[in-house]
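Engineer: My questions all concern the structure below.
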Amino acid sequence: MDRVELGGLVTANPVWVGSSELTMTLAGITACVDAGAGAVVAKSVNESAAARRQLDIADYAFVAADGSVRPPGAGMPGDGLLNRSGLAQVDLDDWLGVLADANAYGSARGCPVLGSITLGDPEAAARIGRAMASVVPAVELNIGAPHGREARAVRQLTEVDGVTDAVRVVRSAVDVPLFVKLPGQASDVVALARAARAAGADAVGLVGRYPGFLPDLDGGAVLGSWGAWSSPGCLPMSLYWVSKAFRQLDVPLIGTNGARTAKDVLRFLASGARAVEVVTALWIGGPAALRVMVDGVSGIGEDFVGSALAGTREYGDVPPPPSPAWLPYTARWTSSGR
Ligand SMILES: Cc1cc2nc3c(=O)[nH]c(=O)nc-3n(C[C@H](O)[C@H](O)[C@H](O)COP(=O)(O)O)c2cc1C
């Protein structure tokens, strides 16, 4: 799939670079543009000095399938990432200048650059969003930050009323497309997406990373704290909510959390996402990983979006097979060791 229209924004292709430290400088953003991104979401900011200070203690641990930990810079495909992070340490006026330059560079190449706000105070987010809207073609509001319980300067909203109130306040101030990134950690993420849409979101992002904790079995814990977690194993969890939202709602969806390969991007699209924000795969594989993903979705038609839902049924509608799937497992137990 090449050019994508989503919530009023046109992007070069559906593989977007999500917000992270990789998109915290003009050089970082232009490198993503040059590597072929469909769009780039700049690193989040908010009004809080505490959220900026949080970046001073950022730390990253790549976790292999056997639980062993690799240091920052040594991640391998298939690793999970446990990390602490903070928001961009920038003055807002300076940051608006960076966003304007980045978007001028990207848009000239068909790759818009989005501003991003991780929610602290909704009124402050509205002020920042209004200012961003004068320099970028779209704004992403992240209300799913997994660091919410550790870093009180950022908030994770998991209830419909909170989502409605926050999105309404920011929507009223932002006169460009507003995309809202939701947590995966809520009893009903579709209800949150419905609320975000009703409050004025032009698209919703599904889903944020998860809080995580990993003992090092040496008397402590990896990173020495709790953190945010994602891994290839998170992919089906993200796709659960993307596919449910696709079936139940009429809102453009941006997938995120768990796409490590071109096939994973296709899985997001087949589940109903029109675009996919990728981060961890690029920390591990660099610009080459992005190019492989973009090439892997080239030529895919619009009708591919949501195509996996065609043959997907509720449990009650699945006809029983002639021989139950559990039979070989119980047979193996009852016939072994005798
Ligand atoms: C180190 C790091 C920093 C991140 N910082 C932000 C951020 O500032 N704002 C935001 O909305 N998402 C942030 N994210 C979340 C990513 O944008 C993305 O949604 C998430 O990593 C899931 O995608 P992935 O599985 O491709 O990594 C960050 C992720 C990582 C790994």
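The values are calculated or read from the model by the stated rules, or taken from the named source; none is laboratory data. The structure displayed is predicted, hence computed values, not measured ones. Cβ placement follows ideal geometry from the backbone for every residue including glycine, while neighbour counts extend to all protein chains displayed. All accessible areas refer to the heavy atoms of the entire protein, side chains included, with ligands and DNA or RNA removed. Shrake-Rupley method; radii C 1.70, N 1.55, O 1.52, S 1.80 Å.
Engineer: Just the residues that are in contact with a strand residue (DSSP E or B) (Cβ under 9 Å, 6 or more places away or on another chain) and in contact (Cβ under 8 Å) with a residue 40 or more places away in the chain, please, taken from the range 156-181. Spell out the reasoning first.
Structural biologist: So the first thing to find is which residues in the range 156-181 are in contact with a strand residue (DSSP E or B) (Cβ under 9 Å, 6 or more places away or on another chain), and the list is 156-158, 163, 166-167, 170-171, 174, 176-181.
Residues satisfying the conditions are GLN156, ALA166, VAL170, VAL174, VAL176, PRO177, LEU178, PHE179, VAL180, LYS181.
Engineer: Of the residues in the range 130-145, how many are of a type outside the set (S, T, N, Q), open to solvent by 20 Å² or more (accessible area, probe 1.4 Å) and either without any contact (Cβ under 8 Å) to a residue 12 or more places away in the chain or in a loop (DSSP other than H, G, I, E, B) (or both)?
Structural biologist: Matching residues across the range 130-145 total 2.
Engineer: Out of ALA262, ALA275, report the one residue that is within 18 Å of ARG197 (Cβ to Cβ), within 14 Å of the ligand (Cβ to nearest atom) and aliphatic (A, V, I, L, M). Before you say what the answer is, go through the steps one by one.
Structural biologist: Values: ALA262 fails: within 18 Å of ARG197 (Cβ to Cβ).
Checking each option against the conditions leaves just ALA275.
Engineer: Let me ask another. If we keep just the residues of the range 1-25 that are assigned to a loop (DSSP other than H, G, I, E, B) and more than 21 Å from GLY299 (Cα to Cα), which is most open to solvent (accessible area, probe 1.4 Å)? Full working, then the answer.
Structural biologist: Here is the first cut: in the range 1-25, the ones assigned to a loop (DSSP other than H, G, I, E, B) are 1-3, 7-8, 12-14, 18-20, 24-25.
Checking which are more than 21 Å from GLY299 (Cα to Cα) leaves us with 7-8, 18-20, 24-25.
Values: GLY7: 19, GLY8: 57, GLY18: 2, SER19: 25, SER20: 8, MET24: 44, THR25: 74 Å².
Restricting to residues being assigned to a loop (DSSP other than H, G, I, E, B) and more than 21 Å from GLY299 (Cα to Cα), the top hit is THR25.
Engineer: Next question, about the same structure. So GLU140 passes all but one of these: (1) at pLDDT 95 or above; (2) of a type in the set (Asp, Glu); (3) farther than 20 Å from TRP16 by Cα. Which condition number does it fail?
Structural biologist: Failing condition for GLU140: (3).
Engineer: Quick one: what pairs do we get from the range 222-251, first residue surrounded by fewer than 24 Cβ atoms within 10 Å (Cβ to Cβ), second assigned to a strand (DSSP E or B) and among the β-branched types (Val, Ile, Thr), C-beta under 8 Å, 6+ apart or different chains?
Structural biologist: Going by the 8 Å Cβ cut-off, the qualifying pairs are VAL222/VAL63; VAL222/VAL69; SER231/VAL63; VAL251/VAL204.
Engineer: Does GLY162 qualify as being within 16 Å of the ligand (Cβ to nearest atom) and either at pLDDT below 95 or in a helix (DSSP H, G or I) (or both)?
Structural biologist: no
Engineer: Right, next: May I ask you to verify whether GLY7 is within 12 Å of the ligand (Cβ to nearest atom) and touching a residue at least 60 places away in the same chain (Cβ under 8 Å)? Before you say what the answer is, go through the steps one by one.
Structural biologist: Details: within 12 Å of the ligand (Cβ to nearest atom): no; touching a residue at least 60 places away in the same chain (Cβ under 8 Å): yes.
No; evaluated as a whole, the condition is false for this residue.
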